[in-house]
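The values are calculated or read from the model by the stated rules, or taken from the named source; none is laboratory data. Everything numeric in this text was worked out from a predicted model, so none of it was measured. Reconstructed Cβ throughout: ideal geometry from the backbone, glycine too, with neighbour counts over all protein chains shown.
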Amino acid sequence: GAGVSQSPRYKVAKRGQDVALRCDPISGHVSLFWYQQALGQGPEFLTYFQNEAQLDKSGLPSDRFFAERPEGSVSTLKIQRTQQEDSAVYLCASSSGGTSGGGEQFFGPGTRLTVL
Amino acid sequence: AQSVTQPDIHITVSEGASLELRCNYSYGATPYLFWYVQSPGQGLQLLLKYFSGDTLVQGIKGFEAEFKRSQSSFNLRKPSVHWSDAAEYFCAVGAWAGSYQLTFGKGTKLSVIP
């Protein structure tokens, strides 16, 4: 596609519900990143995929957060038993994985998650 | 670990005035440096990046930034601001830490007075 797309754009969940957020990266991009952006803050790294391999998940805040990219393209970020502190915008980014800093990261519009 | 500081939370300038947004980073080696802009409800758009070479880099929309190693700074400038530049601006550093994850500052919100 022309850019990174994410769905849904907005998600409201009751505390304790499970949610799944989808990311469609730019076609052919090897690298895929998830970031969490709390209100009034800069994005913070969650996890990184190279093709289908999850090589870095050091930013995931708890074991309630799980991400996958089974075929090396579309990725899903799942949050189990959502808590109010999970409310944030979740951003997905993809890059070609070039040698210069991993290549430019292109960001999607984000999914705004509100947990009531 | 790398870090980024954007000292100014909110800046207001008049349309047509010049702009400088400050960014300081902490990293042991030469980092990859980026400036992104985020409009309300939108994702992040890359304005410019520094990987190596010329320390003055040109970006889109008339923005430029200068990498100063001695000051650990990468300030963003624009000679004449347009009302459409009102947005949130984020400085980021990219460095290998298991991946080329980006570490962002907290952002500077720019308001433009007509």
### Message
Suppose we filter region A:42-56 for residues that are free of Cβ contacts under 8 Å to residues at least 24 places away in the same chain, part of a loop (DSSP other than H, G, I, E, B) and under 24 Å from A:T114 (Cβ atoms); how many remain?
### Response
1
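One line per residue, one yes/no per condition, for (1) out of contact with any strand residue (DSSP E or B) (no Cβ under 6 Å at 6 or more places or on another chain); (2) in a strand (DSSP E or B); (3) not charged (D, E, K, R):
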residue: A:G16; (1), (2), (3): yes, no, yes
residue: A:G59; (1), (2), (3): no, no, yes
residue: A:D63; (1), (2), (3): yes, no, no
residue: A:S73; (1), (2), (3): yes, no, yes
residue: A:R81; (1), (2), (3): yes, no, no
residue: A:V89; (1), (2), (3): no, yes, yes
residue: A:C92; (1), (2), (3): no, yes, yes
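Within region A:84-114, track down each residue that is within 13 Å of another protein chain (Cβ to nearest Cβ), of a type outside the set (A, V, I, L, M, F, W, C) and surrounded by 19 or more Cβ atoms within 10 Å (Cβ to Cβ). Don't jump to the end; show me each part of the working.
Let us first name the residues in region A:84-114 that are within 13 Å of another protein chain (Cβ to nearest Cβ), namely A:89-112.
Narrowing further to those that are of a type outside the set (A, V, I, L, M, F, W, C): A:90, A:94-105, A:108-112.
Passing the criteria: A:Y90, A:S94, A:S95, A:G101, A:G102, A:Q105, A:G108, A:G110, A:T111.
Matching residues to (1) closer than 23 Å to A:A93 by Cβ; (2) small (G, A, S); (3) more than 10 Å from the chain's Cα centre (by Cα):
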site: B:L19; (1), (2), (3): no, no, yes
site: B:F34; (1), (2), (3): yes, no, no
site: B:L44; (1), (2), (3): yes, no, yes
site: B:V57; (1), (2), (3): yes, no, yes
site: B:K61; (1), (2), (3): yes, no, yes
site: B:F67; (1), (2), (3): yes, no, yes
site: B:S70; (1), (2), (3): no, yes, yes
### Query
Pairs, please: C-beta under 6 Å, at least 6 apart or cross-chain, first residue farther than 18 Å from B:C23 by Cβ and in region B:37-54, second among the aliphatic types (A, V, I, L, M)?
B:S39/B:A87
### The listed residue being surrounded by 11 or more Cβ atoms within 10 Å (Cβ to Cβ), assigned to a loop (DSSP other than H, G, I, E, B) and touching a residue at least 12 places away in the same chain (Cβ under 8 Å), out of B:A17, B:A1, B:A65
B:A17
### Message
Suppose we filter B:L33, B:L44 for residues that are out of contact with any helix residue (DSSP H, G or I) (no Cβ under 7 Å at 6 or more places or on another chain), facing another protein chain (nearest Cβ under 8 Å) and crowded, with 18+ Cβ neighbours inside 10 Å; which single one remains?
### Response
B:L44
### Task
Report whether or not A:L55 is farther than 27 Å from B:V37 by Cβ, facing another protein chain (nearest Cβ under 9 Å) and aliphatic (A, V, I, L, M).
yes
### Query
Can you find a residue in region A:82-102 that is modelled with pLDDT of 95 or more and farther than 27 Å from B:G105 by Cβ?
yes
### Message
Tell me whether region B:77-87 contains one or more residues that are on the phi < 0 side of the Ramachandran plot, modelled with pLDDT under 95 and surrounded by 19 or more Cβ atoms within 10 Å (Cβ to Cβ).
### Response
no
### Message
Condition first: among the charged types (D, E, K, R), at the interface with chain B (Cβ under 9 Å from one of its Cβ atoms) and either farther than 15 Å from A:L113 by Cβ or touching a helix residue (DSSP H, G or I) at 6+ places or on another chain (Cβ under 7 Å) (or both). Can you find one or more residues in region A:63-83 that meet it?
### Response
no
### Query
under 24 Å from B:V4 (Cβ atoms) and aliphatic (A, V, I, L, M) - does that describe any residue in region A:17-37?
yes
